[in-house]
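The values are calculated or read from the model by the stated rules, or taken from the named source; none is laboratory data. None of the values given here were measured: they were computed from a predicted structure. Cβ sites come from the backbone with ideal geometry, for glycine too, and all protein chains shown count toward neighbours.
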Amino acid sequence: MKRLSILGATGSVGRSTLDLVARNPERFRVHALTANTDAAALAEAAKACGAALAVVADEGAWPALKAALAGTGIEAAAGRAAVCAAAAAEVDIVLAAIVGAAGLEPTLAAVRRGTAVALANKEALVCAGTLMTAAAAASGAALLPVDSEHNAIFQVLEAKERIARITLTASGGPFREACLETMRGATPAAAVKHPTWSMGAKISVDSATLMNKGLELIEAFHLFGVRPDQLDVLIHPQSVVHGLIEFIDGSVLAQLGPADMRVPIAHALAWPERIETPVTRLDLAALGRLDFAEADRTRFPALALAEAALAEGACRPCVLNAANEVAVAAFLAGRIGFLDIAGVVADTLAAMPAVPLGSLDDVDAADAAARARAASFVVQRAAA
Ligand code: NAD
Ligand code: MG
């Protein structure tokens, strides 16, 4: 029996995790669930899985949560500090599925405690990968990748020193074959309509710009300890092959699976064992073919920006991530166009100096400064 807490329990990854937990009551017992503002959904989920504790990050949602849990015996709490405390409570594994840099502090709290972390929250590694991996090494916490591509690599990993190259696949998103003119006029509804995966709004937009694959290269750098030039991206529209490792002898191992996050979540949750999942099985004969192509960094400049940030290191990935979060929110709110997302990120990177990040305070300062800069570029572009 593993005791489990889920950070971001009301999101797409959080709900997939709860689905697996409900199907395996003899294997998992839920301690804490957290969410940002949706008290009603959080209380429902906490009651359904028998959690001991439910926490909303937004203090404004506290009265609603308390009312919804009255008489259930489930403890309710609110605020960012309470989310971090829940993350640091004693359990066997924490599923980190908060979206954005907001997930960094709670995820780091779990890592520092020495708890195994099943990590979906890629932005935590993008902003503060060096701090996270150092904290994991110090506490002995295992970082188990949930992001499907990284989970694929984790499944086929043999020995790091024999790896020549790691390739992450990308579906190419809804605009894989679109021309720049089409992308210029793309609406939020079109951008979040992912061809192969069903995900939260932010990561869906990141998939449409290919920033998601850029963030994942940075994530892979921290998870797998390879050089940036050993990391590669391959467009693969069917999302069947999720990740490949080429070894020094020329052999390539790949992981294949249906495009359903319950597969990588199940792997990380049950690791080193495996559990059953209800996902639709791969039918390669019905599929008939698998296609691969080079990524186009001219139509998708966000990928090149992320690759440059990874190569430059220091605060650059953190600045890239913060500017991207601001730009994606502005795009989803209808304030800027689709192509402005990478534009705002490029402007912000160009305007900010590269400074080293030694502590969590340095990360917070770089993140805040980049958000302020990006917000001013959003205003400029919204007025243009
Ligand atoms: P989502 O938007 O569906 O859910 C986000 C969750 O985080 C919600 O529970 C929300 O309440 C919580 N949250 C948001 N802001 C918060 C804040 N400021 N403080 C505390 N909690 C907050 O997102 P998602 O699609 O489930 O993605 C979650 C993470 O997993 C992201 O980092 C994403 O990149 C990664 N990921 C998702 C998928 C997927 O299939 N959805 C695949 C790979 C990786
Ligand atoms: Mg992914």
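Computed values, structure above
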quantity: The listed residue being within 18 Å of the chain's Cα centre (by Cα) and hydroxyl-bearing (S, T, Y), out of T107, T37; calculated: T107
quantity: Residues being in contact with a Ser or Thr (Cβ under 9 Å, 6 or more places away or on another chain), under 16 Å from A330 (Cβ atoms) and of a type in the set (A, V, I, L, M, F, W, C) - total across the range 202-219; calculated: 0
quantity: Answer residue from the range 148-165, given it is under 16 Å from L256 (Cβ atoms) and touching an Asp or Glu at 6+ places or on another chain (Cβ under 8 Å) and is farthest from ligand 2 (Cβ to nearest atom) among those; calculated: H150
quantity: Selection status of D283, under 17 Å from R184 (Cβ atoms), surrounded by fewer than 16 Cβ atoms within 10 Å (Cβ to Cβ) and either in the same structural domain as I98 (by TED's automatic domain parsing) or modelled with pLDDT of 95 or more (or both); calculated: no
quantity: Tabulated pairs, the range 291-314, first within 17 Å of S171 (Cα to Cα), second of a type in the set (V, I, T) and in a helix (DSSP H, G or I), C-beta under 6 angstrom, 6+ apart or interchain; calculated: A302/T209
quantity: Matching entry among M199, M211, M183 (being within 12 Å of ligand 1 (Cβ to nearest atom) and either within 21 Å of E307 (Cα to Cα) or modelled with pLDDT of 95 or more (or both)); calculated: M211
quantity: Considering residues of the range 184-212 that are part of a loop (DSSP other than H, G, I, E, B) and β-branched (V, I, T) only, the residue nearest to ligand 2 (Cβ to nearest atom); calculated: T196
quantity: Lone qualifier among A87, A81, A109 - being within 11 Å of ligand 1 (Cβ to nearest atom) and not acidic (D, E); calculated: A87
quantity: Any chance A136 is outside the structural domain of D362 (by TED's automatic domain parsing) and free of Cβ contacts under 8 Å to residues at least 40 places away in the same chain; calculated: yes
quantity: Filter result for R176 (away from ligand 2 (no atom under 12 Å from the Cβ), of a type in the set (K, R) and under 21 Å from G250 (Cβ atoms)); calculated: no
quantity: Check on A46, of a type outside the set (F, W, Y), within 13 Å of ligand 1 (Cβ to nearest atom), over 19 Å from T107 (Cα atoms) and touching a Leu at 6+ places or on another chain (Cβ under 7 Å); calculated: yes
quantity: Selected residue [among the small types (G, A, S), in contact with a helix residue (DSSP H, G or I) (Cβ under 8 Å, 6 or more places away or on another chain) and either outside the structural domain of A22 (by TED's automatic domain parsing) or farther than 26 Å from H267 by Cα (or both)] from A88, A97, A68; calculated: A68
quantity: Filter result (small (G, A, S) and in a loop (DSSP other than H, G, I, E, B)) within the range 1-60; calculated: G8, A9, G11, G50, A51, A52, A57
quantity: Pairs with Cβ under 9 Å, 6+ apart, first in the range 23-36 and under 12 Å from L53 (Cα atoms), second among the aromatic types (F, W, Y) and within 13 Å of ligand 1 (Cβ to nearest atom); calculated: none
